[in-house]
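One structure below.
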Amino acid sequence: MITAGLALAVFSVITGVAQMFVITLGPGNVDLSLPANIGLASAVAMKVMNGSDQMIAAGLMAALSAGIGIGLANYGLIRLLRIPPIIATLSASFIIQSAGISYGRGLQIKPPPAFAEFTSVQLAGVPLLAIGTAVFTVGVGILLHQTIYGRSVLAIGQNSRAAWFSGIAVERIRCATYVISGALGGISGALLAGYFRGSSLEIGDEYLLASIAVVVIGGTSVSGGKANVPGLWGAALFLVLLLTMLNTFGVSAGIRFLVTGLVIIGVIIAAGGYKPAG
Amino acid sequence: MTSAPGRSAMRMPWAVGRTSRRILRGALPGISLALVMLGIAWLNQRAISYFGLNLMLSLGVPVALATIAQMFVITVNDLDLSIGNFVSFVGCVTATWLRDIPLLGVTVLLAGIALYALMGAVIYLRNVPSIVVTLGMLFVWQGLAILLLPKPGGKAPDWLRGLMTLHTPYVPFPIIAAIIIAVVVHIGLMRTSYGAILRGSGGNPNAIARAGWSLLKTKITMYALAGFFGVLSGLALIGLTTSADANIGKGYTLLSIAGVILGGGEFIGGRVSPIGAVIGALTLTLAGSLLNFMRISPDWQVGAEGAILIIVLAARALINRVEVRAS
């Protein structure tokens, strides 16, 4: 059970990292296109891999490119139309969703055996995917706190004007952040399709709430400028264990939704806003 | 309704004066609706008739009500990601309790509005982002709706069914309903003094607070109004569909946001337009029919909504840019 929990937490962590970078950029920055992105990328990956072990790398690259393209499109909308990121990513998600429906219609390709194996293989009871993601998050922590890019993201989130005056290429950093978010969405789409043995459009649906919840519960400031990478793991495991516990009690889907919603609201209320009211 | 401002739009935007540009921007919703109507008329003339309009626009009524609900939230610079699931929840209550035990049904719906008001208070007092709170509420409403109606079913109360299928003389009922909704909200929000305060609390909260108005009260009022119109939307929807399911209003969150933007609402600064929002909602509803007439696969229905949204925002960005350059 712990193993399954860890594996599920992994996907929340990866999408959470994507959302964390975006949210850290400051108020109003959030990527609502993640679920649609994951859905489309899962279909793209499965179609390119076409069940053959030789095509795994190509499929991953295709999913990654789809994600990067979506990130670029999101940023393009934000920049060209000067609209809040929420609206840009929302409108983009409409179109991505339709593209996914149209592209993935009737798609019932199983992942290549080696890829499916890779997503569920365990080392001493710990899923390989979880180990990989743990290493990945260490890298994310270094990226965020030790590199110019990461420090710039934090600076922009604290005060984008001040960041601009101190010579940070604000727009380039924002663009890179949306591209990173898109790319991570694409990768998690491919991995999810491998883990659940096939792609589906709804495969990413729960990761809109999950990604935001993991970020918020994990202690990243929703008003930007302050990110917490280890918190993502804590929050993801907490949510997965909560759901596992509810499942063990045998509660219905309705109660499960209700409790998840209330927990998230409870945490955000307890954490409160970063800036004083008024 | 749309012909007069529409004509001024025929000229190039950079050739007209400042006031005309404002009119042009205000006319965008009307122009989009007229374009969609023209498209439908061109593809299928019989659709533009009493019966055809009644059929195509009837689902526009709940969408318009949900859009108005979303507009109230957007006025105070927030975004409600839960409205679609709230409409579903209201639908489930309507098709079960409101029909069988009216008193309980009414109480639960009022409690729903009270929860919306509470949500507004929490968002203001704890200074938390509305998207996270409403995202959480999305799951709460969804959970409640599934608990109430695990399988699609229920039945609309007869009075509601009667109201929504009303056959009004000459003008189809959905059009009359849309006009009533637009005018009532327009008068309330745009023409009364407290309406100005409410909009001001989104435009310049500090000024409103310094003038001695309670921002907490305005936030609560706006969220309660959103809840109220969300309830109306759910009622109207069930009156049309006659039965409910827990996901019946799922698409309304996106539709309502798109409708507000299409109707000329801005995201910041309390700049919204109730009439525009209703027109925007009707445009999106008709756009669905237009796509059907164009034989475009339903797969692209949502995508087309997104594309319309982006085109309108692009048009607005263009007008704004010309305006900035001119001044």
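The values are calculated or read from the model by the stated rules, or taken from the named source; none is laboratory data. As the structure is a computational prediction, the values presented were derived from the model and not from experiment. Here the Cβ is made from the backbone with ideal geometry for all residues, glycine too, and neighbour counts use every protein chain on show. Heavy atoms of the whole protein, side chains included, go into the accessibility calculation; ligands, DNA and RNA do not. Shrake-Rupley method; radii C 1.70, N 1.55, O 1.52, S 1.80 Å.
Observations on the structure shown:
- Hits in region B:163-185 (condition: part of a helix (DSSP H, G or I) and open to solvent by 40 Å² or more (accessible area, probe 1.4 Å)): B:LEU163, B:ILE175, B:ILE176, B:ILE179, B:ILE180, B:VAL183, B:VAL184
- Unique match (being open to solvent by 30 Å² or more (accessible area, probe 1.4 Å) and closer than 30 Å to B:LYS151 by Cα) among B:VAL324, B:VAL302, B:VAL231: B:VAL302
- Looking at region A:1-117, the helices (runs of 4 or more DSSP H) lying wholly inside it that each contain 1 or more residues that are closer than 30 Å to B:ILE319 by Cβ and either open to solvent by 10 Å² or more (accessible area, probe 1.4 Å) or more than 14 Å from chain B (Cβ to nearest Cβ) (or both) sit at A:34-49, A:56-81, A:85-104.
- For beta carbons closer than 7 Å, sequence separation of 6+ or different chains, a first residue in region B:288-317 that is within 7 Å of chain A (Cβ to nearest Cβ) and over 19 Å from B:GLY276 (Cβ atoms) and a second that is open to solvent by 20 Å² or more (accessible area, probe 1.4 Å) and not in a helix (DSSP H, G or I), the qualifying pairs are B:ASP299/A:ARG105.
- Checking B:ILE311, B:ILE238, B:ILE220 one by one, the residue that is in a helix (DSSP H, G or I) and in contact with a strand residue (DSSP E or B) (Cβ under 6 Å, 6 or more places away or on another chain) is B:ILE238 and no other.
- Residues in region B:186-199 that are in contact (Cβ under 8 Å) with a residue 12 or more places away in the chain and open to solvent by less than 20 Å² (accessible area, probe 1.4 Å): B:LEU189, B:LEU198.
- Filter result for A:ARG174 (farther than 17 Å from B:LEU135 by Cβ, at pLDDT 85 or above and open to solvent by 20 Å² or more (accessible area, probe 1.4 Å)): yes
- Boolean, B:LEU104 is surrounded by fewer than 24 Cβ atoms within 10 Å (Cβ to Cβ) and touching a Leu at 6+ places or on another chain (Cβ under 7 Å): no
Per-residue answers, yes or no, for (1) touching a residue at least 60 places away in the same chain (Cβ under 8 Å); (2) surrounded by 23 or more Cβ atoms within 10 Å (Cβ to Cβ):
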{"site": "B:LEU110", "(1), (2)": "no, no"}
{"site": "B:TRP141", "(1), (2)": "no, yes"}
{"site": "B:LEU144", "(1), (2)": "no, yes"}
{"site": "B:PRO150", "(1), (2)": "yes, no"}
{"site": "B:TRP159", "(1), (2)": "no, no"}
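- Test: residue in region B:129-138 that is part of a loop (DSSP other than H, G, I, E, B) and within 14 Å of chain A (Cβ to nearest Cβ): yes
Yes/no per residue for (1) modelled with pLDDT of 85 or more; (2) in a loop (DSSP other than H, G, I, E, B); (3) within 13 Å of chain A (Cβ to nearest Cβ); (4) surrounded by 23 or more Cβ atoms within 10 Å (Cβ to Cβ):
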| residue | (1), (2), (3), (4) |
| --- | --- |
| B:ALA246 | yes, yes, yes, yes |
| B:ILE268 | no, yes, yes, no |
| B:ARG271 | no, yes, no, no |
| B:GLY276 | yes, no, no, yes |
| B:ILE279 | yes, no, no, yes |
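- Within region B:204-218, considering residues that are open to solvent by less than 30 Å² (accessible area, probe 1.4 Å) and touching a residue at least 24 places away in the same chain (Cβ under 8 Å), the one farthest from the other protein chains (Cβ to nearest Cβ): B:THR218
- Every residue from region B:10-40 that is loosely packed, with under 14 Cβ neighbours inside 10 Å and modelled with pLDDT of 85 or more: B:LEU38
- One residue from B:ALA156, B:ALA209 being touching a helix residue (DSSP H, G or I) at 6+ places or on another chain (Cβ under 6 Å) and closer than 23 Å to B:VAL122 by Cα: B:ALA209
- Residue that is nearest to the other protein chains (Cβ to nearest Cβ) [pool: residues in region B:112-128 that are open to solvent by less than 50 Å² (accessible area, probe 1.4 Å), in a helix (DSSP H, G or I) and of a type outside the set (Phe, Trp, Tyr)]: B:VAL122
- Filtered residues of region A:51-76 (kept if within 20 Å of the chain's Cα centre (by Cα) and of a type in the set (A, V, I, L, M, F, W, C)): A:LEU60, A:MET61, A:ALA62, A:ALA63, A:LEU64, A:ALA66, A:ILE68, A:ILE70, A:LEU72, A:ALA73
- Filtered by the rule that a residue be in a helix (DSSP H, G or I) and either farther than 21 Å from A:ILE265 by Cβ or within 11 Å of chain A (Cβ to nearest Cβ) (or both), region B:94-108 gives B:THR94, B:ALA95, B:TRP97, B:LEU98, B:ARG99, B:ASP100, B:PRO102, B:LEU103, B:LEU104, B:GLY105, B:VAL106, B:THR107.
- Region A:196-233 - residue that is buried (at least 23 other Cβ atoms within 10 Å of the Cβ) and hydroxyl-bearing (Ser, Thr, Tyr) and, of those, farthest from A:GLY157 (Cα to Cα): A:SER199
- Whichever residue in region B:255-266 is in a loop (DSSP other than H, G, I, E, B) and either in contact with an Asp or Glu (Cβ under 7 Å, 6 or more places away or on another chain) or open to solvent by 10 Å² or more (accessible area, probe 1.4 Å) (or both) and, among such residues, is modelled with the highest pLDDT: B:GLY264
- Among the candidates B:ALA226, B:ALA277, B:ALA281, B:ALA304, the residue that is in contact with a helix residue (DSSP H, G or I) (Cβ under 6 Å, 6 or more places away or on another chain) and closer than 22 Å to B:LEU144 by Cα is uniquely B:ALA226.
- Test for B:LEU57: is it open to solvent by less than 20 Å² (accessible area, probe 1.4 Å), closer than 20 Å to B:GLY263 by Cα and touching a residue at least 24 places away in the same chain (Cβ under 8 Å): yes
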